Amino acid sequence: MSSQINESVIRDVIQEVLGRLGNDTNLPHTAAVSSSASSAVAPSGSYAPPSCGCDSKKSSQGGRHGVFATAGEACDAAQQGFLQLQKQGIEARRKVEEIVKTMCADRATEWGRIELEESKIGRLDHKIEKLQIIKLVPGVDWIRPDARSGDHGITLEEYTPFGVVGAITPSTHSIPTLAGNIVNIVAAGNAVVFNAHPAASRCAAMAVREFNKAIERETGIHNLVCIIEEPTLDSFKELCAHEAVRLLCVTGGPGVVKAAMQTGKRAICAGPGNPPVLVDDTACLKRAAESIIQGASYDNNLLCIGEKEVFALEHIADDLMNAMQTAGAVRLNGSQLQQLTQAAFTFKEGQGAGCPHPVVNKDLIGKDVSVLAQAAGIQVPNGTDLLFAETDENHPFVDEEQMMPFIPIVRVGSVDDGIRAALKAEHNYKHTSIIHSHDVNHMTAMARALDTTLFIKNGPCGAGLGLGGEGYLSFSIATPTGEGVTNPKTFTRVRRCVMVDNLRIY
Ligand code: NAD
């Protein structure tokens, strides 16, 4: 009783003070009192952030809406957000999922443009589409307990939250990765703090602010989704080291995967890929050509799952390239390829075992076909989605994850030879590989040899994420750490609840 009186007195005082300051006095729901109480009710052993006796309502009314200057502040606020979510239960998680999905759909055009203007990579139509499809990311309904029942009673295994998840997002799809991660992570009952890529961090912070405003309005929960306004390598380190952060979700290239694995925290790593495509002589070449163009040109080939190099059996390679031209791709000749290669890579002496080692020129990553064509010394018709050229298997465009709307085509003498070359090009990332074939033996051989997380047969890469194939969507595909296409269960701890010798009714 006395704590109720205290809470109500505190609430009134805060209302009055805020009213005098001219702030919004409409304290929603139970957030004001519940978060101040929440440190006290934090489960034993869990992190309780430092408290000045105020509550997280104060910071949100100060206009933070999840956007913080430091990782420490963001993690402390997210921990409070987590405790508030815990109190409000499944319905609040469902509400957050709905808010994120609806907002991404409603604001896809505006946010797609903002992200493209900031990052300067990719295509507007696909930036917009990547936000429209956030609705396909699995949410709260994926969290279902498993139960067993027998002569000794019943046992329930529940998928429960970790607390605060630290998440790192790439420049290639900043808001879509952030939004998809929020749906998964909050559906599992967690809060999250993001360290976005600096090249696409302003749009990420804007989205976090907007999500929080709606979450605050609809649920009264503050700072469930937090972000560091100006992310740096130091803020990454601080985030990873923070006591409240129990789990990491990293989406990016080899550098950040390595860094995350060295933190000592459990890390779910969605790492780099360099997806090879094998086309044999049983394939439908029209379908193969159209699929390769669709996948490799998507968002100017920024997708980690995007087709990056093609190995075609010698005697159908010309037919495949003709089919690609018929489908609208533009073929470069040898000298045009050479010009493009010189522009797309720099060759640094002394790297790669003493040999000049190509490094992708960032200025051409994710740029439009017209920019690449200009670098190759040609003009292409408006609406061209992809360039291609014949190369050998050691070409930098085959070896490097180049992320440009260009794809090299390599002739191979046999399926075995193609699988060998594909394995080499994939660099053991175990990310994505694709085959166009109607021979089940060829499919099986490639699946076994490459052992990739996604293996797509007779479709574009997007089919591996439920876009034209069966399945579900995520923009974080955990490859080196093995969780696969991330979903809400990826961000849970499995806890067992056992009733001995009872409640088994029959
Ligand atoms: P990136 O590796 O440059 O950056 C990714 C994130 O990691 C950014 O937030 C960046 O600031 C951070 N980062 C980079 N190096 C770091 C380090 N040493 N320590 C701490 N943080 C670091 O990648 P990008 O160019 O933004 O994105 C493209 C890469 O991400 C490609 O390799 C692509 O395959 C991969 N990717 C993978 C998936 C997946 O689901 N597996 C999804 C998208 C992108």
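None of the figures in this text is laboratory data; all of them are computed from the coordinates on show. Only a predicted model underlies this, so the values are computations on that prediction, with no experimental measurement involved. So basically every Cβ, Gly included, is an ideal-geometry build from the backbone, and we count neighbours across all protein chains shown.
At-a-glance table
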| quantity | calculated |
| --- | --- |
| Whole-Hz couplings from phi, Karplus 6.51/-1.76/1.60, listed for segment 101-114; x for Gly and Pro | 5, 5, 5, 4, 5, 5, 10, 4, 5, 5, 6, x, 5, 4 |
| Gain upon complete extension [Arg493, Asp141; 0.36 nm per residue less C-alpha separation] | 125.1 nm |
| Size of electric dipole in segment 239-368: Cβ of Lys, Arg +1 and of Asp, Glu -1, about Cα centre, debye, nearest 20 | 700 debye |
| Sites Arg448 and Glu314, calculated FRET efficiency, Cβ-Cβ separation with R0 30 Å, nearest 0.05 | 0.85 |
| Net charge of neighbours whose Cβ lies under 14 Å from the Cβ of Cys203, counting Lys and Arg as +1 and Asp and Glu as -1 | 0 |
| Segment Asp151-Ala69, extension gain: residue separation times 0.36 nm, minus the distance between their alpha carbons | 23.9 nm |
| Protection proxy ranking, peptides 474-480, 446-452, 430-436, average beta carbon neighbours within 10 Å, highest first | 430-436, 474-480, 446-452 |
| Karplus 3J(HN,Hα) series, Hz, for segment 245-257 with 6.51 cos²θ - 1.76 cosθ + 1.60 (x for Gly, Pro) | 7, 9, 8, 10, 10, 10, 10, x, x, x, x, 6, 5 |
| Computed FRET value (nearest 0.05) for Val371 with Glu110, which takes r as the C-beta separation and R₀ as 30 Å | 0.75 |
| In nm, spacing of pseudo-spin labels at Asn322 and Gln132 (7 Å Cα→C-beta vector) | 3.5 nm |
| Gyration tensor verdict on the chain (Cα atoms; rounded if a/c is under 1.5, prolate if a/b is larger than b/c, oblate otherwise) | prolate |
| For Phe194, distant residues with modelled amide H under 5 Å away | Ala167, Cys226, Ile227, Ile228 |
| Given charges at beta-carbon only (K, R positive; D, E negative), |dipole| of segment 68-162 in Debye | 240 debye |
| Antiparallel DSSP beta bridges within the chain, as percent of all bridges there, nearest 5 | 35 percent |
| Total formal charge among the other residues, if their Cβ is under 13 angstrom from that of Lys127, Lys/Arg +1 and Asp/Glu -1 | -3 |
| Given charges at Cβ of Lys, Arg, Asp, Glu: segment 276-469 dipole, positive-most of Ala343, Gln325, Gly462 | Gly462 |
| Within segment 276-469, percent of DSSP bridges classed antiparallel, to nearest 5 | 20 percent |
| Computed label-point distance, nm, for sites Cys284 and Lys258 using a 7 Å Cα→Cβ extension | 4.4 nm |
| In nm, spacing of pseudo-spin labels at Lys237 and Asp392 (7 Å Cα→C-beta vector) | 4.4 nm |
| Neighbourhood net charge (13 Å Cβ-Cβ; Lys/Arg +1, Asp/Glu -1) for Thr160 | +4 |
